[in-house]
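Have a look at the structure below before the remarks.
We did not get these values from a lab; they are worked out from the coordinates using the rules stated. All figures in this text were calculated on a predicted structure; none of them were measured in a lab. Using ideal geometry, Cβ is built from the backbone for each residue, glycine included, and neighbour counts are taken over all protein chains shown.
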Amino acid sequence: MSPPHVVIVGGSYGERTMKLGLLGQKSLLWTLRTAFFPWALTSSAARADTGASNGITNIFKPLSTPAEAIYEVSVLVLTICAGIFLIVGGLLAYTHIRFRRRPEDDGREPPQVYGSNQIELAWTVIPILIVFVLILVTARTIADVQNAARPAGALDVTVVGHQWWWEIRYPELGIVTANELHVPVSDPTKRRPTFLKLESADVAHSFWVPQLAGKTDAIPNRDNRMWIEPKQPGTYLGNCAEYCGTQHARMLLRVIVHPPGEFEQWVEAQRQPPVDDSQVQAGRNVFFSTACVNCHAINGTRADGKFGPDLTHLMSRETLGSGAAPNTPEKLRVWLRDPQLLKEGCLMPNMQLADTELDHLVAYLLTLK
Amino acid sequence: MTNAAAATLPPESAEWTLPSRRKIAVVCLICTEAALFTIFVVAYLFYLGKSVTGPSPAAELEIPVRSTICLLSSSLTIVLAERAFRREYTGGFRLWWLITILLAVEFLRSTACEWQRLLTTHQLTISTNLFGTTFYSLIGLHASHVTVGLILLVLVLILSLRGHVEQAHAEHLEMLSWYWHFVDAVWVVVFTVVYLIGR
Amino acid sequence: MASQDLALSPAAETSLPLTARLHTLVVTVDHKQLGLMYIGTALLFLVVSGGMAAVIRLQLAVPNNTLVSPQVFNRLFTMHGTAMVFLVGMPLIAGLMNYLVPLMIGARDMAFPRLNAFGYWMFLFGGLLLYLSYLAAPGLAGQGSAPDVGWFAYAPLTGRAFSRGHSTDYWILSLLVSSGGSIVSAINVITTIASLRCKGMTLMRMPLFVWMMLVVSGMIILALPPLSAAQIMLLLDRFLGARFFDTQAGGSAVLWQHFFWIFGHPEVYILMIPGFACASEIIPVFSRKPIFGYPAMVGATMMIGFISVGVWAHHMFAVGMTAVGNTFFAISTLLIAVPTGIKIFNWLGTMYGGQIRFELPMLFCLGFLFQFLLAGLTGVMLGVAPFDWQLTDSYFVVAHFHYVLVGSFLFTIFAAIYYWYPKASGRMLNTKLGLWHFWLFALGFHLTFDPQHLAGILGMPRRIYTYDAGRGWEIYNLISSIGVIFQAGGILCLVINLLWSLRHGEPAGDDPWDAWTLEWSTTSPPPAYNFETLPEVRSRRPLWDLKHPEDPDWKYE
């Protein structure tokens, strides 16, 4: 009977499938990885629901195809470098100890050796060979990631970097949201990766969600592409990774990977226009009579601003100000009172609203689920 | 400290000649300036055809035949001036030197006229589009180097007229002429890139 | 400071009034005085910029800290980076080159002494201009302060639209001025080495230090103009509305990055190779053997110089270049590891079979060797482009380049200070204080920068003024910040040592280390004319030949 060629691996790396070799052995790289990295970088994998993230952004816990490809080559490189460090470092240490000056050496100089062609040749050739191996694996991984074929079920998303938030557009689905990228989970039999087009509205930014892929910059007037293929549902954190001004630190990313079926539900929910609740008429008036409409958009209303995030489903998001604060009514009120209190230097001005106006506005915005 | 051991060493060749300081320094200067120009040329080539709006090279630029002939012949005349200087024909030296200066002035005047034409007739400024930006910066950088060279040439002429330039200064003059040849060589490159390739 | 160094030189022992001594400094064209001025000024900037780093680390010690505002933080890391590279690194190198090269080649001064002075004052004024931005950049409109665009000032963040006020203009102008000084210094060094070597000193008999400074100077004259060109373009954008980096008009933000890194990558080798140069002089003397494989060291240095202009886009692996582009730069980056690694082996070969004396210069070189090995290896990791896609712009890169610039470059500078201070001042530095310096600084260095590798692996991006708890970064940042205390302690020991030893250090004599290059053949400090009679050499180690007439080097070379 042939050994199983696919096994589910559990434990601290989360559920994932792994091909066993013909003899049932696990891959060399898996073995190396487990040997080298169980200790330093602990924590559980992404939670299997779409709740709050567990805060992991460890590049050595990849949960998406491109990140895994990077991980495989990283382990190889790390192993080689560790080996070189042990050998050369060991030689250095040995030399320093063995050849330190001793009292009996006084007065005499050691043999004056000027060089050795054979030794020098050897220690030139060996590094060149190592470099050659590294070049080969590097070239292959680059090709695997950058020139990956696009399967039929792939989702297209356009991500536009702004100072200091992320605009997320789903051109085929007609959805625009902000700071949170919702994608379906992908499984090996029915692949649904997400292909991202990265743009910028102002300065250079960089999209980095470590568990899902390497980073790629979002640069104005430049068409950059990348892809992710999350293998596990959950919420993955990321950051802007190119210094873009005052609040570069608070330009967080959340990628919410939905289990099968739930992504379509989310899409449907996002497509719904906001509920027209007469109880928040006062707040709606505040919104539409102040300058809010110049920067923000709400579907189905005359608010059509492009400068700030789309607010149609504001309350479906976990945070305010792309990670500056959790999205609770209290924090929302603080944000509206003065955004600078939560995100100093951000480009949303203080609208100088009175307390009653604030209360009404918060009540209105809370209906934008 | 006297190197006492030197007396006991086997004799080496008595000749110990090293390159002239001035020559090495001017070669270094030329290398560094070449690196500077290279970046501006690269920017020019990179942005060819990328202007979003506005005037384009093919439409606006006319090949500056006259100014090119002037500048390139000034390289010749400066060589003639040097030759006259080495043969101690002071009059000949000053004459060819003056002609070099006049040719340089004509080059600059021509450039200025071209710029005036582009600015007034075609409304092309440095901020109009990428073509304007790269054109004025590259040509301007070159023209600034011509200007500096011109100032030095004039200085030498004045010093010569006052009788301060002697045979001992032959290498100084040669170094200035190397700089001048460099400026001309850069013009060949700039001309090719801007007026030939770029159109 | 340098003025007190001069007071010690035999001729000036009669103490001149302070104004006269300061006047001497202002008008001097003596390469030794200028060299010391470069180094002294650089150390002052080191302390100021290091102070900024201390504030940065204090802010980042705990999550969501509010010690400084984001605006202040962004200025701090920009000024820290800019000052460390241009106002500490470059002048330290210029100081070493200017002080030692003429002495090592048996010349009386540099080829162009006045140009030398000009270079120093350009550097100083450039530096002052950069710091003037704190006061003057607000201008009339009240916007702007010190530059806050990062030391590599990526477009379009540096455009008029996103960088208001004049802070970026100060960044540009101060660096244009300082770079001019560096270029001028480099031309001077090349000319000096080419034209002023003493009799018998062929190129292959020069000390390795001189060879490396020659390569560095060649790199400076070719690599600094791209920065100046890009900065001129940026200046035209900001003042005349040019479109070089204006993405709305079709300009390319990535073009800035290309130009900057065409300068920036050779720049880091320009900073590091002088460190190698110091190590290549110190390690042989303290191992009591000649450098192993001198021709290979020369060749490897030249190769590094050449290849370094072909690797620049490894700083741009995340920019979205094609697979071919990324592969090319990964290949060139991995290739440059070979000549760099060879040097470590050559130093190893020098020590092997020797009699290693663990005096302070050698102790710092020991630290350098281990730390540079690590820095090179993390560099190899970063050269593997896909790995770099995760590591770039994270604290892993920050850790890597601090391992190079602090753990390797600064350690060799410390080694050089302990080694050549006796020559420059006539006094030995205090060993006990030196040991405190070494151990405190080494401990602090590792506490600060080792954990940053892990923070980067855990996804911490760089240039963030704060971070949330719950990412696993807290402990590493805290340890990293604690290290600052020890580094500061080490520097304090150094400064006290430098000042105290001027008056109370043990007299050094001409040749306290029993070394072999020409600077040790003259007095400590050397007279203004360097050598009574210009030396004549027959080998790479003229003093070895003198001390060992029965077994001179020229029999074997």
* **Residues A:LYS61, A:LYS215, A:LYS331, sorted so that the one with the fewest Cβ neighbours within 10 Å comes first** => A:LYS331, A:LYS61, A:LYS215
* Return the distance in nm (one decimal) between the two label points of a simple spin-label model at A:LYS190 and C:VAL62, each offset 7 Å from Cα along Cα→Cβ. => 5.1 nm
* Does anyone have the angle between helix C:411-425 and the longest principal axis of chain C? Alpha-carbon axes, 0 to 90°, nearest 10? -> 40 degrees
* To do: In Å³ and rounded to a whole number, note down the convex hull volume per residue for the Cα atoms of chain B.
  => 181 Å³
* To do: With springs only between Cα atoms under 10 Å apart, run a GNM on chain B and tell me which of B:VAL42, B:VAL186, B:VAL105 wobbles the most.
  => B:VAL42
* Structure fact -> If R0 = 25 Å, then A:ASP359 and A:ARG302, at their Cβ-Cβ distance, give a FRET efficiency to the nearest 0.05 of 0.60
* Would you mind pulling out the separation of the Cα centroids of the stretch C:174-234 and the stretch B:172-189, in Å? => 21 Å
* To do: Apply the membrane-span-like helix rule to chain B: whole DSSP H runs, Cα extent along the own long axis of at least 18 Å, mean Kyte-Doolittle hydropathy at least 1.0. List the helices found.
  => B:21-46, B:130-161
* Asked: Share of Cα-Cα pairs in chain C beyond 38 Å, in percent?
  -> 27 percent
* Given the C-alpha centroids of the stretch C:541-557 and the stretch A:151-167, what is the distance between them in whole angstrom? -> 70 Å
* What whole-number value in cubic angstrom gives the convex hull volume per residue for the C-alpha atoms of chain A? -> 223 Å³
* **Estimated FRET transfer efficiency (B:THR147, C:ASP551; beta-carbon r; R0 56 Å; 0.05)** => 0.40
* To do: Check the straight Cα-Cα distances from C:LYS432 and name the aspartates and glutamates below 12 Å, setting aside those fewer than 8 residues away within the same chain.
  => C:GLU359
* Among bridges DSSP assigns within the protein assembly as shown, what percent are antiparallel (round to 5)? -> 70 percent
* Long-range amide H partners of A:LEU320 with built H, under 5 Å -> A:ALA325, A:ASN327
* Just in the stretch A:123-201: which trypsin sites (Lys or Arg not before Pro) are loop by DSSP and have at most 14 other Cβ atoms within 10 Å? -> A:ARG191
* **Neighbour-count ranking [beta-carbon atoms within 10 angstrom, fewest first] of C:TRP121, B:TRP115** => C:TRP121, B:TRP115
* Gap in Å between the Cα centre of the stretch C:255-309 and the Cα centre of the stretch A:227-277? -> 47 Å
* With the radius of gyration and the Kirkwood radius both derived from the Cα set of the stretch A:278-366, what is their ratio Rg to Rh? -> 0.92
* Mean residue ellipticity (222 nm) of chain A, computed from DSSP H runs ≥ 4 via -39,500 (n - 2.57), nearest 500 -> -10500 deg cm²/dmol
* Asked: When the dipole is taken about the Cα centre of the protein assembly as shown, and only Lys, Arg (+1) and Asp, Glu (-1) are charged at their Cβ, what size is it in debye, to the nearest 20?
  -> 440 debye
* Structure fact -> Expressed in nanometres to one decimal, the distance between label points 7 Å along Cα→Cβ at C:HIS504 and C:LEU18 is 2.2 nm
* Structure fact -> Computed over chain C, the relative contact order (Cα-Cα under 8 Å, seq sep at least six) in percent reads 16 percent
* Quarter of Cα convex hull surface for the stretch C:68-124, i.e. mean projection, nm² -> 4.5 nm²
* **Computed FRET value (nearest 0.05) for A:LEU121 with A:GLN352, which takes r as the C-beta separation and R₀ as 60 Å** => 0.20
* Asked: Roughly how large, in nm² to one decimal, is the mean projection of the convex hull of the alpha-carbon atoms in the protein assembly as shown?
  -> 51.4 nm²
* Asked: Label C:VAL72 and C:PHE162 with points 7 Å out from Cα along Cα→Cβ: what is the distance between them in nm?
  -> 2.5 nm
* Just the ratio, please: alpha-carbon radius of gyration of the stretch C:36-104 over 2.2 N^0.38 Å, N its number of residues. => 1.42
* GNM, chain A, Cα, under 10 Å: largest mean-square fluctuation among A:GLN340, A:GLN232, A:GLN352? -> A:GLN352
* Structure fact -> Tilt, helix C:167-195 to longest principal axis of chain C (alpha-carbon atoms), in degrees rounded to tens, equals 30 degrees
* Spin-label proximity, C:ASP514 to the stretch C:280-312 - amide N less than 19 Å from point 7 Å beyond Cα toward beta carbon -> C:281-292
* So which residue, out of A:TRP165, A:TRP208, A:TRP266, gets the largest mean-square fluctuation from a GNM of chain A using Cα contacts under 10 Å as springs? -> A:TRP266
* Which angle between 0 and 90 degrees, to the nearest 10, do you get for helix A:262-271 versus the longest principal axis of chain A when only C-alpha atoms count? -> 40 degrees
* In the structure shown, do any of A:LYS231/A:LYS343; C:LYS289/C:LYS423; C:LYS32/C:LYS199 have a Cα-Cα gap over 28 Å, and if so which? -> A:LYS231/A:LYS343
